[in-house]
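Please treat every number below as a calculation from the coordinates, not as lab data. Fair warning: this is a prediction, and the values are worked out from it, not measured in the lab. So basically every Cβ, Gly included, is an ideal-geometry build from the backbone, and we count neighbours across all protein chains shown.
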Amino acid sequence: MAGRMFRFIGLLLTSSWLVACIPGRDYEPRIIGGDPDQGREALARYECGVCHVIPGVPDAIGKTGPALDNYSRRSYVAGKFPNEPEVLVRWIADAPAMAPQTAMPAIAMSDKEARDMAAYLYESD
Amino acid sequence: MSSRPPDELPNTLPRPAGEFERLQAVWKRPRGWRVLTQVNNTAIGLWYIGAALLFLVLGGILALIMRTQLVVPGNDLVDYDLYNQLFTMHGSVMMFLFAVPVIEAIGILLLPAMQGARDLPFPRLSAYAFWAYFVGGLVFFTTIFFDLAPDGGWFMYPPLTSYEFSPGLRTDFWLLGIGFIEISAIAGAIEIVVGILRTRPPGMTLDKMPIYLWAMLIVGAMIIFGFPPVILATALLELERAFHWPFFLAEKGGDPLLWQHLFWLFGHPDVYIIFLPAAGLVSMMVATMAQTPLIGYRWIVVAMLATGTISFALWVHHMFATGMPHLSLSFFSAASMAVAIPAGLQVFSWIATLWRGNVQRTTPTYFLLGFFGVFVLGGLTGVMLAVVPYDWQAHDTYFVVAHLHYVLIGGMLFPVFAGIYYWAPLISGRQLSERMGTWACTIMFIGVNLTFFPMHIAGLLGMPRRVWTYADGYGLEIYNLLSTVGAFVFAAGIGIVLLDLLLHFRPAGKVNTNPWRAGSLEWLPQDEYAIRSIPFVTNRDPLWANPSLPEEVDAGQHYLPGTATGVRETIVTSPIDARPQYVLRLPGSSWLPVLAGVGTAVFFLALTVKWMVIAVLGAIVALVSILMWLWQSDPAPSGKLFDIGGGLSLPDYMTGSNSHSWWSMVVLMLVDGSIFACLIFTFFYLWTVTLSGFPPESLELPLIGSSVAAALAWAVSVAAMYVSNRMLPQKRMGAVGLTLTAALAGVWIAFGLSLHALLETNLQPQLHGYASTAYTTVAWQGLHAVLLTLMAGFTLVRLWLGMIDPVRRVVFDNTRIMWYYCAAQGVLALLVMSSPRLAM
Amino acid sequence: MESSHSASVLHPASDSGAALIDQLGTALYVGGAIIFVVVMALAIYGVFAKARAINARGWILGGGLAFPIVTLTVLLMYSLAVGNGLNAIGSSNALQLFLECFGIGDARERTPADGLLRVHVVGKQWWWEVRYEQPGRQEVILANEIRMPTDRAVELVLSTTDVIHSFWAPSLAGKVDMIPGRTTRLRLQTSEEGTFRALCAEYCGGQHALMALYVVTQETTDFDAWLASQARPANEPTDPFLKTGYDAFFRGECHECHTIRGTPAEGTSGPDLTHVGSRKSLAAGTLNNHIGTMAGWIAGAQDVKPGNKMPSSLAYSGVELRALSAWLGSLE
């Protein structure tokens, strides 16, 4: 009985160490007030996948825009702005306001939705 | 001759020394590489079943990939293009490379045993059918790896599949690939029909045949009439694709619905071609498992005959949504419902039989219960789909996907798997694992329901068939998830059966076992030569009627206990009351059917990819092999009578309608005639639907003068043949040869004039449905002119070599009856082509 | 595309043909379930009970013959009545209809009953052209969307310019094929206001799965207003940003395939875009219609729906793409 207990604890320790090693997981959640699940749902509803590859979102295999996988490991948003949470939220909601030459349109959405989407992008691999 | 049972056993003991050894020697299995040359039904039947199971696994893997793609909406495991190939191949492989072949394979394996024959009458034909199917099927399947697999659906509706919307080779692979499978199926059907009608044991009159023989006889007939529509349809579509001859193009006097009529005129009977043999197996197994004779034998025969007949009258229920008037649909709705009556009748006969007996609770019984559950549900949804307004909703949705899998898996796969567990001891001498079988049955039953029941609901929630992805938000997610899980469960069940076979199934030579205490003849002691001696059958369940029968048969106390003529042989009996007529000398092992089969497959496949040299080589190999094999197929009559016991002495040769060969020729002509009838149907169908005139004003009709002259040429040719036939009994061989040559000249003149009647007008086959049909009709005559040339040449050479005389004349007779058929067809073709004149 | 518009046989619109079929369906499900349970109970009992003498004739004649014959006859009569109710258009001459079944006689064009609104729907790989022919007034052509009033039946006149398609709005009615060389008809009717999804039900090649449309049912006044607005042409925009989009449309040669009435764009091989901004979906029910999906569709049509006839437009600057999407979105 005790042996089995020890083995279980050992397994837990090992796995937590393994989890810590997975890239991307060592970041703190950086969006305050963003819900990744609702963000995923919003990404699907707005069909951002028409232009972007977004892991975990159905039909998100577009090639017009950049792929949005491993977003938390990226240094820049849109190749020119620092990858800060507030920057990403602003970019999602109104990209042309930040980069007038961009092809990414401003889509009418609430700040909450943009925040959720950003949260999802930071969470997903 | 003997239509009553002998008073005492026909042969006495002890048997003469060496008799048994000689029997063993002629049926000896070849060794080494020459194993492949086997033609014995016990070898070919097993290989055939094994190949079919291989294609079941391959087709199943395609299905698992599709189910994985559909596990969530918007999945991207496979793209649309591969998915469309996957579902097309899954349907085609399961229908053409698994379902139809496996029922013919089981027939080839079991029929001789059930009817106490040493083999079927044309062992090399079975071997040919197997090799063409196996080699061709494997190559056809590999197209999926080269992005060349067909993607038009197994139903291949034009115009999607015509040259404009499906350029490239994919569709051609389907059309030509199906070609050799059609040939293989027809070859199998000829073997089975003639085998059942002519090689039954003495005394086994039609009403004493095991019910499985009835099923296969009816199915053989259905293949003869059911495959020709699809043979013609595939040929027409290939002509349209390759040469732009319009048959299915509305703007050029064709009609896309013509394809649907022809395809489903095959496609629906095909479902019963698959189901009836399985039902026959069920009838056999139910009676044995319940240890009581089948209740309602005659009713079941009538039910199967009714099913076979009605199945040709309900193809339009695949076309309820094509906008035909409602009342005309209702005729087909009524027929579609009516076909449920014979099915219900059989189900109640089986249940009644189970009630009357003490049922052995073993794996075959469990599979039979699984069959009841799955098949009855599929039958009930089938009745729903026969309801026209309901079908308008359910048609082409996952509801239909669910229905057809319930019917085919329930109506065919479960009985076949029950059969595997039931008949495996017949081949290997011991039962498969009871434990694995029970598990497999349970898992398969859960799997099939988990996979397919949710599909009914997905369909009703608006999921159409043949979609590589679906939208979320319509409630489809959970049902698709369940189906995908179920598919893997189902696959696991099938895997257990295959594993069981792998572990516990080893063909044994001599087998003497009857584990289920069955009453039918296949459970007599079996060896390479089948049974040692052939009993006179007085009862539907001979082993129950006479418990000492196995010992008597194995000791050689019944008819033909050795080899009378010194080669492989079996007894030919009359078709209805099974009186012994002659001893049929059977051909032995040979490379020829292997070469012919491989050559046929190579020809069709090389033609698809336009490797013309290889195609021609394949055709030559096939043709030469077939001619060499036919050359050996009419051995000289010895003129002697052979004692088979019981005071019965039989000749080794017969002619006319007594000859088994004559019967196969007649069956072949029925197939031929059915294809031609479909061509005529095409002509009149296009005539009635084409709004632009048939032919349109701008086109001419065939020349009347040439047409009349062509008809006269046919008449002259027939007259010459008639004279030739009169000369033969008078032994005027020179005159026979001369008149035969004249008859052949008449054929070519008739064909030339028929063609001339078209060529001298402004008709060009690319212009209009009338022209394309007329040219096809004439081309069909040309094909027969070639056939008659081959037959006449073959006959003339044998005449020259003295291999034809007033007695040995089967080759001559076959040529002669084919001649009359071709002439009738040629004249009818001329009449049909000119018939629009009457309407003017 | 994520949505939850009604597209289910099991949730038919009020007073629609689908509702009538749904009643029939309920009878079928209940009847089927009862028969299934009884037959299976009999079979299982037969396997597990001791042998017993039975009345063989009774089983076969009663269970195998009389029962199915009676049940099926009743069912056939019921289904014919329902079918006739759904199919009030056309001939009632039995012989004529039987002959038509074999193509004898002219089944293709039959005059519709009075008072029906006729809408022409043409199936194409892989979208739908919808036409309201208004004699004496501007013909209205749109794509992938049908609107109809709730107080009148609509007769869809179905045809195709390429392969066989099948029109199926599960919540409204059964499906009818669109067959080259023929014109088929389907009656739609409902008293319910709403949006219903329809799909292509006959496999029609590569992107068969992505061929849907929406049927919007409205009160007559709304419908009439909509139809009148759809008949109006588009204008050249005055807003400089939208004008950039307008210019981009012609620079990108979109007008080769698309018509926008009121502008020089008169192409006919693609959908009419005169009022594309008012539509519910893009790419035949594949995408919701907003500026993001419009831009994504223009730039990546071959990614969204590979093999369809619209090329991905690769030559636009980011601004042009947004302006073009904005202008098209403004065409309401």
Completion exercise
Mean separation of Cα contacts under 8 Å (at least 6 apart) over the residue count of chain B, i.e. the relative contact order in percent, is 17
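Among the DSSP beta bridges whose two residues both lie in the protein assembly as shown, what percent are antiparallel, rounded to the nearest 5?
Numbers: 43 of 56 bridges.
Roughly 75 percent of the DSSP beta bridges within the protein assembly as shown come out antiparallel.
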Handout entry: Near-label residues of segment C:177-220 by backbone N, under 19 Å of a point 7 Å along Cα→Cβ of B:E251
Key = C:178-184, C:205
Problem - Spin-label zone in segment B:4-32 - amide nitrogen under 17 Å from a point set 7 Å from the Cα of B:N512 along the C-beta vector - result: B:13-15, B:20-21, B:24
Completion exercise
Given pairs A:K63/A:K112; B:K252/C:K280; C:K175/C:K309; B:K510/C:K50; C:K124/C:K280; B:K252/C:K175 and cut-off 29 Å on Cα-Cα distance, the over-length ones are B:K252/C:K280; B:K510/C:K50
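With Rg and the Kirkwood Rh both taken from Cα atoms, where does Rg over Rh land for segment B:1-152?
1.21
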Completion exercise
Inter-chain shielding metric for A:104-115, i.e. average beta-carbon neighbours from other chains within 10 angstrom, reads 3
Problem - Inter-label distance, nm, simple model (7 Å from Cα along the C-beta direction), A:D94/A:D111 - result: 1.2
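Of the listed peptides B:651-661, B:10-20, B:289-299, what is their order by residue-averaged count of other C-beta atoms within 10 Å, with the highest listed first? Each step should come with its number before you reach the end.
Values: B:651-661: 17.8, B:10-20: 14.1, B:289-299: 20.5.
Peptide ranking by packing, descending: B:289-299, B:651-661, B:10-20.
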Exercise for the section: Compute log10 of I(q)/I(0) for segment B:341-456 with the Debye formula, placing one identical point scatterer on every Cα and leaving out solvent, at q = 0.14, 0.18, 0.20 Å⁻¹, to two decimals. Expected result: -0.65, -0.95, -1.08
Problem - Inter-part distance where segment B:403-436 and segment B:656-672 are each reduced to a Cα centre, Å - result: 34
Exercise for the section: May I ask you to derive the relative contact order of chain C, considering only C-alpha pairs under 8 Å and at least 6 residues apart, and to give it as an integer percent? Expected result: 16
Practice task
Enter the mean projected area of the convex hull around the alpha-carbon atoms of chain C, in nm², rounded to one decimal.
Solution key: 22.4
Problem - Antiparallel DSSP beta bridges within chain B, as percent of all bridges there, nearest 5 - result: 100
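Quick one: plug the Kirkwood hydrodynamic radius of the protein assembly as shown (C-alpha pairs) into Stokes-Einstein at 25 °C, 0.890 mPa s, and report D in µm²/s.
Values: Rh = 34.1 Å.
Using the Kirkwood radius from Cα pairs, D works out to 72 µm²/s.
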Practice task
From other protein chains only, count the Cβ atoms within 10 Å of every residue's Cβ in C:73-82, then give the mean.
Solution key: 5
Completion exercise
In Å, the Kirkwood hydrodynamic radius from C-alpha pairs for chain B sits at 28.3
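So how do C:K305, B:K28, C:K280, A:K80 line up by other beta-carbon neighbours within 10 Å, fewest first?
Numbers: C:K305 24, B:K28 13, C:K280 17, A:K80 9.
Result, fewest neighbours first: A:K80, B:K28, C:K280, C:K305.
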Problem - Point-charge dipole on Cβ atoms (K/R +1, D/E -1) for chain B, about Cα centre, debye to 20 - result: 2040
Handout entry: Full-stretch length increase - B:L503, B:S835 - with 0.36 nm per residue and alpha-carbon distance subtracted
Key = 113.0 nm
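To the nearest whole number, what is the average tally of beta carbon atoms from other chains within 10 Å of the beta carbons of peptide C:322-329?
Details: counts 9, 1, 0, 2, 2, 0, 0, 1.
Partner-chain Cβ atoms within 10 Å, mean over residues of C:322-329: 2.
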Handout entry: Label point at B:S649 placed 7 Å out along Cα→Cβ; residues across segment B:562-606 whose backbone nitrogen lies under 18 Å
Key = B:562-566, B:580-584
Practice task
Name the aspartates and glutamates eligible as straight-distance cross-link partners of B:K28: C-alpha to C-alpha under 17 Å, and not fewer than 8 places from it in the same chain.
Solution key: B:E19, B:D119, B:D527, B:E528, B:E569
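Stretch C:R251-C:A66 to full length: gain in nm at 0.36 nm per residue minus the Cα-Cα span?
Values: separation 185, 0.36 × 185 = 66.60 nm, distance 7.42 nm.
Roughly 59.2 nm would be gained on extension.
Let me know the shape class of segment C:240-329, please: from the alpha-carbon gyration tensor, a ≥ b ≥ c as square roots of the eigenvalues, rounded when a/c is under 1.5, otherwise prolate if a/b is greater than b/c, or oblate. Mind dumping the intermediate values first?
Values: a/c = 1.27, a/b = 1.14, b/c = 1.11.
Since a/c stays below 1.5, the shape of segment C:240-329 is classed as rounded.
Placing +1 at every Lys and Arg Cβ and -1 at every Asp and Glu Cβ, with all other atoms neutral, what dipole size does segment C:240-329 have around its Cα centre, in debye to the nearest 20?
Working: 8 positive and 7 negative charges, 52 e Å.
Result for segment C:240-329 is approximately 260 debye, rounded to the nearest 20.
If you take the beta carbon distance between C:A228 and B:T688 as r and set R0 to 51 Å, what does 1/(1 + (r/R0)^6) give as a FRET efficiency, to the nearest 0.05? Intermediate values should be presented prior to the final figure.
Details: r = 44 Å, r/R0 = 0.87.
With a Förster radius of 51 Å, E is 0.70.
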Practice task
Over all directions, average the projected area of the Cα convex hull of segment B:181-223 and note it in nm².
Solution key: 2.9
Fill in the blank from the handout: With R₀ set to 35 angstrom, the calculated FRET efficiency between the beta-carbons of C:I34 and B:L481, to the nearest 0.05, is 0.75
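Using unit Cβ charges (K, R positive; D, E negative) and no other charged atoms, how large, in debye to the nearest 20, is the dipole of chain C about its Cα centre?
Working: 25 positive and 31 negative charges, 257 e Å.
Its charge dipole is roughly 1240 debye.
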